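Read the structure below first, then the notes.
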Amino acid sequence: MCGITGIWAPGNDDGRNRAEVANAVEALRHRGPDDNGTWSDGSGVAFGHTRLSILDLSIAGHQPMTSADGRYVIVYNGEFYNFAEIRTTLVNAGHTFSGTGDTEVILAAFMEWGAGAVERMIGMFAFALWDTQEKTLQLFRDRVGVKPLYFGWDGKILCFGSELKSLRAYSHWSPEIDREALGEYLQYGYVAGDRTIHAGIYKLKPGHRLTLSQGQNPVITPYWSVLDTFHD
């Protein structure tokens, strides 16, 4: 179990975004005691990660991680079951790897196939990807929602994280209870759909991606449906 978090806040200076993410990382420290890191490039986007080392125990598995060509930056939580198979395909296509983990394979897969890479991934995962070329942020969640991913958008700033407590660490957000969600929780023991106990904070739906570009609102689209498993 690792923890991921990040913020899209073009109006903030880089130092403030880094400090915001560092606070959120601290809130997730229990998810990844082995290592942690933050990243920003002055564009208004900052990522944070807490690491539980499993596949690659070396520094080569440190996150946030940048792709070999420098285009993509990722923070990732999960297990990518068929990464060895995909890695072999990518090696045959000319890609090289410095470590043995699956995060590096995801980055190379996006270099090779773009956003369609996620459709080749089998596993449980939640990750954020910043495209430095297109200046686009994408969030992805696995097909059945094993790994959690929460986000909030107020029209100017987007923040995300593996747990609600990481979002509470961002200074611009004042948590408010969603009374309808609270009533649902008290009646049924859970909050259905993409809502959470907090107003304005949502779960990214399983099998969906969120895309955010400069001057736009977030767009959420499915990349997989259970109906895809059935054929005429």
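The values are calculated or read from the model by the stated rules, or taken from the named source; none is laboratory data. Predicted model only: the values in this text are computed from it and were never measured. Cβ placement follows ideal geometry from the backbone for every residue including glycine, while neighbour counts extend to all protein chains displayed. Please note that ligands, DNA and RNA were not included when accessible areas were found on the heavy atoms of the full protein model with its side chains. Shrake-Rupley method; radii C 1.70, N 1.55, O 1.52, S 1.80 Å.
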Sites Ile220 and Ala93 - FRET efficiency at Förster radius 41 Å, r taken between beta-carbons, to 0.05: 0.85
Run the simple label-point estimate for Arg195 and Ser213 please: 7 Å along Cα→C-beta, distance reported in nm. 3.2
May I ask you to list the aspartates and glutamates whose Cα is less than 19 Å away from that of Lys135, ignoring any residue fewer than eight positions away on the same chain? Asp13, Asp14, Asp41, Asp69, Glu112
Specify which residue in the list Ala60, Phe110, Ile157 is farthest towards the positive end of the charge dipole of the chain, using unit charges on the beta carbon of Lys, Arg (+1) and Asp, Glu (-1), about the Cα centre. Ile157
For Lys205, give me every one of the lysines with a C-alpha distance below 16 angstrom, ignoring sequence neighbours fewer than eight places off in its own chain. Lys147
Dipole magnitude of the chain about its Cα centre (Cβ charges: Lys, Arg +1; Asp, Glu -1), debye to nearest 20: 360
Could you sort the peptides 26-37, 179-190 by per-residue average Cβ neighbour count (10 Å cutoff), highest mean leading? 26-37, 179-190
Protein accessible area in region 78-232, 1.4 Å probe - carbon and sulfur %: 51
From the backbone phi of region 85-102, what are the Karplus-calculated ³J(HN,Hα) couplings (6.51 cos²θ - 1.76 cosθ + 1.60, θ = phi - 60°) in whole Hz, Gly and Pro given as x? 5, 5, 4, 4, 4, 6, 4, 5, 8, x, 7, 10, 10, 9, x, 10, x, 8
Would you give the gap between the C-alpha center of region 1-70 and the C-alpha center of region 136-210, rounded to a whole Å? 19
With every atom except the alpha carbons ignored, what do you get for Rg and Dmax of the chain, in angstroms? 17.3, 55
